[in-house]
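Reviewing the structure listed below.
Only the coordinates and a few stated rules stand behind these numbers; no lab work does. Treat the numbers as computed from the prediction; the structure is a model and nothing was measured. So basically every Cβ, Gly included, is an ideal-geometry build from the backbone, and we count neighbours across all protein chains shown.
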Amino acid sequence: MKTIKKIMNRSDLISEYQLAVQDVLDNSAHPNKMNILKEIIYNFDNLVLSMFDVARLIGFEETDEDFYYIFRGRLGKEYGSSCVGGFYSMEGHLHPEDYDNLDRIAKLNQM
């Protein structure tokens, strides 16, 4: 598996999204990439449930085989997960004070 792109900051994600939109309009790219990037930009740096783990969504990776969400989990460990699996955003689904408390604790634990 060969990495084509790995993007770990919001401004580069937005630029890549704009390119993906144009590629879709030109019929030269799969529309899923555009939708995935939009979802990542919206939830960037938020706490999410990735499978059964709480993690922070921090980026996007494209390989010659698939698209991946990049997460930062426990003790700052970064890992990718296929976009086929998805994630569940915790912001907006928890009471704001509960989310803020969880976010504060996650930052203390390098997440």
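Can you tell me which residue in segment 1-44 is surrounded by the most Cβ atoms within 10 Å (Cβ to Cβ), limited to those that are of a type in the set (Asp, Glu) and within 15 Å of Tyr69 (Cα to Cα)? Ranking the candidates gives Glu16 first.
Which one is nearest to Asn43 (Cα to Cα), of the residues in segment 58-111 that are outside any loop (DSSP other than H, G, I, E, B) and β-branched (Val, Ile, Thr)? Only one residue tops the list, namely Ile58.
Taking residues in segment 75-102 that are in contact (Cβ under 8 Å) with a residue 12 or more places away in the chain, and partners anywhere that are polar (S, T, N, Q) and assigned to a strand (DSSP E or B), the pairs with Cβ atoms closer than 6 Å and at least 6 places apart or on different chains are Ser81/Ser50; Phe87/Ser50.
Looking only at segment 67-90, which residues are over 13 Å from Ala55 (Cα atoms) and surrounded by fewer than 19 Cβ atoms within 10 Å (Cβ to Cβ)? Please lay out each step first, then the result.
Going through segment 67-90, the residues over 13 Å from Ala55 (Cα atoms) turn out to be 67-68, 82-85.
If the condition is that a residue be over 13 Å from Ala55 (Cα atoms) and surrounded by fewer than 19 Cβ atoms within 10 Å (Cβ to Cβ), then Ser82, Val84, Gly85 are the ones that fit.
Could you tell me whether Ser50 is of a type in the set (Gly, Ala, Ser), in contact with a Phe, Trp or Tyr (Cβ under 7 Å, 6 or more places away or on another chain) and under 29 Å from Asp103 (Cβ atoms)? So Ser50 fits the description; yes. Restricting attention to segment 1-20 and to residues that are under 18 Å from the mean Cα position of the chain (by Cα) and of a type in the set (A, V, I, L, M, F, W, C), the residue that is nearest to Glu62 (Cα to Cα) turns out to be Ile4.
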